[in-house]
Amino acid sequence: MSAQILDGKKTSAEVKEELKPRIAYLTEQGCQPGVAVVLVGDDPASQIYVRNKERTCEKLGIYSVQHRLPATTPQEELIELVNNLNQDERIHGILVQLPLPPHIQEREVLYHISPEKDVDGFHPYNLGRLMIGDPVFLPCTPWGVQELLLRYNLSPEGKNVVIVGRSNIVGKPLAMMLVQKGRGANATVSMCHTGTRNLSTYTRMADILIAACGSPRLITPDMVKEGAVVVDVGINKVGDKTVGDVDFEGVKEVASYISPVPGGVGPMTIAMLMANTVKAAERALQRKNA
Ligand code: GUN
C-alpha cells in the first residue's frame, strides 16, 4: 500500500482563502497588509522563493515591495534599509531572505528587524516568546509543518516526533512548538543532527518523522517505521531535479502519509508568511486604535 499524500498545495490554498476576509477588512480600515522582502545577491533558490512570495501577495491583495541588493552590499547599508522599513507605516512585515552573503552577519541584521514586523519569527524576542509558550509570530516553515499535520487530522499530541535537523529556522523552533503543552502539540520530541549516533535507531521510533537536514534523500525506507507519518522539509537540487531529504519513492511504500517535494511544505511556508503578515497588520491597526 502506498502512503497518502500530504498535499501542501491544496492545504495552503485553504489557509490563504481563510485570510481573504481578514485582508478585506484591514484594507477597508485603511490598513492594507504590507510586506517588504529583501534579497541580497543572486542565490538562485532565494530568487525563486522571493518570486513566489511576490506572486502570492499579489493574488491576495497584500501590498509588497522588493528590495534586490547586489551581493557586495555592505552590512551597514542593509541595516540602514531595515531601519527605514521599521519606520515605514505601509510595511507591517519585513523579511530578509536567507542565506546572506558571507561578509554579512545574519544575526546582526535579523536583530535589527522590529519584533512587531518580524514575520519570519527569527528575532530572539519572538523565539523567546515561542520558547516560553506565549508566541506572537511563529517561524513560517515550522508553523506550516504543524498546520499541514493538523489539517490532515494528524495531531502530534502524545506521539513520538523525531526531527532530523537542528537549524534555527526549522528544526529548533519546530521542536519548541511541538513540545509545548497544549492542543496540536504535546508531543514527545527528539532532535537528531550530525552528531547523532545510530540515526536510524531514532528515526525508526518516530510516529511522525520530520526531515529538515538539507541532505538529499537521506531518509531511506529502512529508517522509517511501518505506518509512520513522514514530513519532508528539504529542498535540494540534484542535477536539474528538486528533491527532498526523503527518498520519496522508497519511503512512500512504508509510510502512511508523506509530503512530496515540491508541493508539500514549501507552499505551506508561503501561506504562513501571508498569515503572519496579516497578523502583523491587525496588531498595527489595534495599536493605532488603542
Ligand atoms: N531561507 C530559507 N527559508 C527561509 C525563510 O523561511 N525565511 C527567510 N527569510 N529566508 C529563508
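Read-outs throughout are calculated quantities, based only on the coordinates presented, and are distinct from any laboratory measurement. Being a predicted model, the structure only gives us computed values, none of them experimental. Every residue, glycine among them, receives a Cβ derived from its backbone with ideal geometry; neighbour counts consider all protein chains shown.
For the chain, the Cα gyration tensor yields ellipsoid semi-axes of 32, 21, 18 Å (square root of five times each eigenvalue, largest first, whole Å).
Within the chain, the longest run free of GluC sites (Glu not before Pro) that sit in a DSSP loop with at most 10 other Cβ atoms within 10 Å is 90-225. Pairs exceeding 32 Å between alpha-carbon atoms, taken from K10/K181; K53/K241; K225/K279; K181/K237: K225/K279; K181/K237.
Within region 136-250, antiparallel bridges make up roughly 20 percent of the DSSP beta bridges whose residues both belong there. Taking 0.36 nm per residue of separation and subtracting the current Cα-Cα distance, fully stretching the chain between S215 and E54 would add 55.2 nm.
Amide H to amide H, with H built 1.01 Å from N, A206 comes under 5 Å of K225, counting only residues 5 or more places away or on other chains. Each listed q (0.15, 0.24, 0.25, 0.26 Å⁻¹) maps to a log10 I(q)/I(0) for region 74-117 from the Debye sum over equal C-alpha point scatterers, namely -0.34, -0.82, -0.88, -0.94. Averaging the sequence gap over all C-alpha pairs within less than 8 Å and six or more residues apart, then dividing by the number of residues, gives the chain a relative contact order of 22 percent. Highest mean packing first, where packing is the average number of other Cβ atoms within 10 Å per residue, the peptides 61-68, 119-126 line up as 119-126, 61-68. Can you say what percent of the DSSP beta bridges in the chain, counting only those with both residues inside, are antiparallel? Round to 5. Within the chain, antiparallel bridges account for around 10 percent of the total.
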